[in-house]
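Dropping the structure in here first, questions after.
No lab work stands behind these numbers, since they all come straight from the coordinates. These numbers come from a predicted model, not from an experiment. Neighbour counts are summed over all protein chains in view; Cβ atoms, including those assigned to glycine, are modelled from backbone coordinates with ideal geometry.
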Amino acid sequence: MSAEKKLMIAREELERIIEICENVEKRGLNPFTVNVKELLSKLRKTLEENPTLDHYVMDAETMYKIATLVALQHKWLKEKAKALFVDAQMIATRLIAMDKKSIVRAFLKAWRPIVSLEQMTPQRLRQGLEHFLSLPPRSGERACGWKVSQRDVEFVKARMPVEERLAERLKDLHEKLIKAFEEGGEVNYWEFVKGKNFEETFEKAYLLSFLITEGYVDVKRNPLKNEIRLIPRKEKAERKQPISLVIVIGGESG
Amino acid sequence: MSREDTFSRKLATAAAMLLFRSHRKPGVKGWELKYRLGKNYMKIIDALNSHLKMLGLEIKTVFEEENDLDKARFYVTLSHPLTLSDLVTAGWRIDEVAAVAVMLSILVSRGGKASVKDVLEILETKFPRWKAEAYLERAVARGYAEKTDEDMLLLGWRAKVELDQKDLLTSMLELQPEKAGEEKAEGDRQAADQDSTAVE
């Protein structure tokens with residue numbers, strides 16, 4: 001047998017030993033089902049036959065796995081002693097044979113559930129308040145909108161410009177926003193998107209969302225005043241930590 | 001404020017800390033108690049424990065590192081076993097507790113580790129598969145077991161706190177099939193009726 005083939009067989013043998021040890025560890029099997037003495041003698045034999053660096057590395061790994069197995073045997077013994085050396089199979093057989101109520105009754109003898117009460121913490125209250133303030137008002141203050149159905153969305157989508165025109169519309173809207181910003185500083189979102197009718201408002205909001213995502217417009221939200229302000233940029237800015245902002249278009253038309 | 005007042009105020013603080021849940025998991029770490037109650041916090045805990053014992057509750061200390069009270073976790077648990085009717089009154093379903101009992105008995109008898117497949121196999125002798133799986137998932141979510149990526153179940157943090165493992169195995173070995181007469185005498189009929197309605 002050539003030296004190369006011999007080495008390959010030895011390697012396979014070591015891999016098999018590693019696999020056995022790993023299986024026992026992963027699956028929680030009884031570690032005493034593996035004969036450690038036999039594994040060690042196999043290891044010695046392969047080591048004597050293949051005194052190469054590659055083999056030494058593999059051998060060290062196998063040795064480590066066998067040591068882990070011995071540690072597992074130690075742990076297993078300790079746990080068995082703790083569990084009064086009760087056979088797991090016996091417990092399983094009893095569980096299968098007994099009815100549910102008897103099992104529960106036996107369990108209750110050993111079970112002392114934790115007593116704990118739910119309460120409102122200051123942190124939760126703060127979270128709740130923030131959520132409440134971020135909700136859009138149901139009527140009155142809101143500048144525009146109806147409840148948008150899927151049909152409305154489809155309708156507006158159908159009226160949307162084709163892709164080539166979309167870029168043009170975006171550019172127009174961007175320019176308009178820059179102009180509004182230069183005239184009066186930060187622009188109120190609702191005032192800006194407000195159109196002659198709902199379709200136009202929706203279209204503007206839709207286009208604006210592209211500009212915001214692309215980094216041409218920054219959004220400043222004040223949950224206390226329920227205000228959303230827009231700050232346009234002449235050049236595209238890179239979004240390092242983008243977050244989502246849901247703006248519901250509903251209420252009354254402007 | 002007199003010493004007695006200070007002590008009773010601290011006692012109330014300790015009770016609130018231990019009984020009200022302020023983290024995702026129940027229980028309070030030793031260092032948290034030390035921070036709120038002072039370095040002699042164990043005296044307050046002992047005093048509270050004797051008060052709670054009168055109500056059938058007790059404070060349990062679970063060490064994470066040997067004998068390090070600051071890193072240990074303190075819980076309030078029941079000090080006496082529940083009865084079947086208590087269990088139903090507390091909102092538990094007998095079926096669900098039976099599933100938890102089966103799962104924990106298997107885990108404890110196998111040294112704290114068993115495959116999901118093995119546990120489900122035994123659970124399926126009592127429940128339909130979908131129910132067995134749902135109970136198992138719920139037990140994992142409650143912290144009675146942990147599920148690993150290799151589909152193995154380990155004993156969870158809650159089981160380590162709430163369960164006397166030796167007692168569980170002993171009582172499982174002493175299991176006797178239920179007798180109808182005993183059932184009546186124990187006053188658990190109500191629980192049984194509710195259970196059978198809920199299950200079936």
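Please list, ordered by chain and number, the residues whose modelled amide H lies under 5 Å from the amide H of A:Asp99; skip anything fewer than 5 residues away on the same chain.
B:Glu178
Starting at the first residue of the range B:22-37, write each ³J(HN,Hα) from the Karplus equation 6.51 cos²θ - 1.76 cosθ + 1.60 with θ = phi - 60°, in whole Hz, x for Gly and Pro.
10, 10, 5, 9, x, x, 10, 6, x, 5, 5, 5, 4, 4, 8, 10
What is the distance, in nm, between label points placed 7 Å from the Cα along the Cα-to-Cβ direction at A:Glu19 and at B:Asp164?
According to this spin-label approximation, the distance is 4.7 nm.
5 Å is the cut-off here: which amide hydrogens, built 1.01 Å from N in the peptide plane, fall below it relative to B:Leu155, excluding neighbours closer than 5 in sequence?
B:Glu146
Another one. In whole angstrom, how far apart do the alpha carbon centroids of the range A:1-51 and the range B:48-119 sit?
42 Å
What angle, in degrees between 0 and 90 and rounded to the nearest 10, separates the Cα long axis of helix A:198-214 from the longest principal axis of the Cα atoms of chain A?
Orientation of helix A:198-214: about 50 degrees from the principal axis.
Treating each Cα of the range B:3-78 as an identical point scatterer and ignoring solvent, apply the Debye formula and state log10 I(q)/I(0) at q = 0.28 Å⁻¹.
Results for the range B:3-78 at q = 0.28 Å⁻¹ read -1.50.
Which of rounded, prolate, oblate describes the range B:46-95, given a ≥ b ≥ c as roots of the alpha-carbon gyration tensor eigenvalues and a/c under 1.5 marking rounded, otherwise prolate only if a/b is larger than b/c?
Oblate, because a/c is 1.5 or more while a/b does not exceed b/c.
Now for a separate question. So, counting K/R as plus one and D/E as minus one, what does the shell of residues with Cβ under 12 Å around B:Val76 add up to? Write out the running numbers ahead of the final one.
Details: positive: A:Arg112, B:Arg21, B:Lys53, B:Lys60, B:Arg73; negative: B:Glu58, B:Glu162.
It works out to a net charge of +3.
If you plug each phi of the range B:3-12 into the Karplus form 6.51 cos²θ - 1.76 cosθ + 1.60 with θ = phi - 60°, what whole-Hz ³J(HN,Hα) values come out, in order, with x for Gly and Pro?
Once rounded to whole Hz, the list reads 4, 5, 4, 4, 5, 5, 5, 5, 4, 5.
Tell me the mean residue ellipticity at 222 nm calculated for chain B from its helices only (DSSP H runs of n ≥ 4, each -39500 (n - 2.57), averaged over every residue, nearest 500).
That comes out to -17000 deg cm²/dmol.
Can you pull the one-decimal nm distance between simple spin-label points at A:Arg126 and A:Arg27, each 7 Å off the Cα toward Cβ?
That separation, rounded to one decimal, is 5.1 nm.
When the helices in chain A are scored as -39500 (n - 2.57) per DSSP H run of 4 or longer and the sum is shared across all residues, what 222 nm value do you end up with, to the nearest 500 deg cm²/dmol?
It lands at -20500 deg cm²/dmol.
Right, here's the next one. Work out from phi, with θ = phi - 60° and the Karplus expression 6.51 cos²θ - 1.76 cosθ + 1.60, the ³J(HN,Hα) of each residue of the range A:67-78, listed in order in whole Hz, and give x for Gly and Pro.
4, 4, 5, 5, 4, 5, 4, 4, 5, 4, 4, 4
May I ask for the Rg/Rh ratio of chain A, computed from Cα atoms with Rh as the Kirkwood radius, given to two decimals?
Result for chain A is an Rg/Rh of 1.33.
The range A:3-109: Rg/Rh from Cα coordinates, Kirkwood Rh?
My calculation puts Rg/Rh at 1.22.
To continue, here is another question. Determine the percent antiparallel among the DSSP beta bridges restricted to the protein assembly as shown, to the nearest 5.
For the protein assembly as shown, the DSSP antiparallel bridge percentage is about 95.
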